[in-house]
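S.K.: I have a structure I would like to understand better, so I am pasting it below and will then ask my questions one at a time.
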Amino acid sequence: MANPPSGNVHWMVRLNYRNRSLSFLLLFGVLGLHLAEHDPSVVTWLLLGLQFLIYPHILYWLAARSNNMFRAESRSMLLDAALLGCWVSVMGFPFRIGHLPHARYDAGSTFRLC
């Protein structure tokens, strides 16, 4: 792994870091509220915190120091999808959680599920 000079990080790594950090913070709140209804164990809370609060920063650190930043970030996005799928399945495929990643807001339009 190379150590890039500051500011020399691939644009996709920087963009996805911002998006991943914010969206995972929001998902932590949503999933935490859903889990709180089911009285989860301490281990579940720890895994939720690691996945949605610390994991985005680790991925950025790894991708920014990779020799091929684009490839590292592409793999990170695949890992994101797999881990989010695991969380949805662990929670029993709730409709509001399972379709939340597909929600979008169109400019000049209203919020809708696509």
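S.K.: Have a look at 96, 71, 104, 75 and point out the one that is among the basic types (Lys, Arg), in a helix (DSSP H, G or I) and at pLDDT below 90.
M.R.: The match here is 96.
S.K.: Of everything in region 6-23, what is charged (D, E, K, R) and closer than 12 Å to residue 80 by Cα? Give them in sequence order.
M.R.: 20
S.K.: Take residue 75 and tell me if it is of a type in the set (Lys, Arg) and closer than 20 Å to residue 7 by Cα.
M.R.: no
S.K.: Among 31, 46, 83, 59, which is the only one that is touching a residue at least 24 places away in the same chain (Cβ under 8 Å), more than 30 Å from residue 10 (Cα to Cα) and in a helix (DSSP H, G or I)?
M.R.: Result of the check over 31, 46, 83, 59: 31.
S.K.: Another question, if that's okay. Scan (1) surrounded by fewer than 14 Cβ atoms within 10 Å (Cβ to Cβ); (2) modelled with pLDDT of 95 or more; (3) more than 19 Å from residue 86 (Cα to Cα) for the single condition residue 54 breaks and write down its number.
M.R.: Condition not satisfied by residue 54: (3).
The values are calculated or read from the model by the stated rules, or taken from the named source; none is laboratory data. The structure displayed is predicted, hence computed values, not measured ones. Don't worry about glycine lacking a Cβ; one is built from the backbone with ideal geometry, like all the others, and counts go over all protein chains shown.
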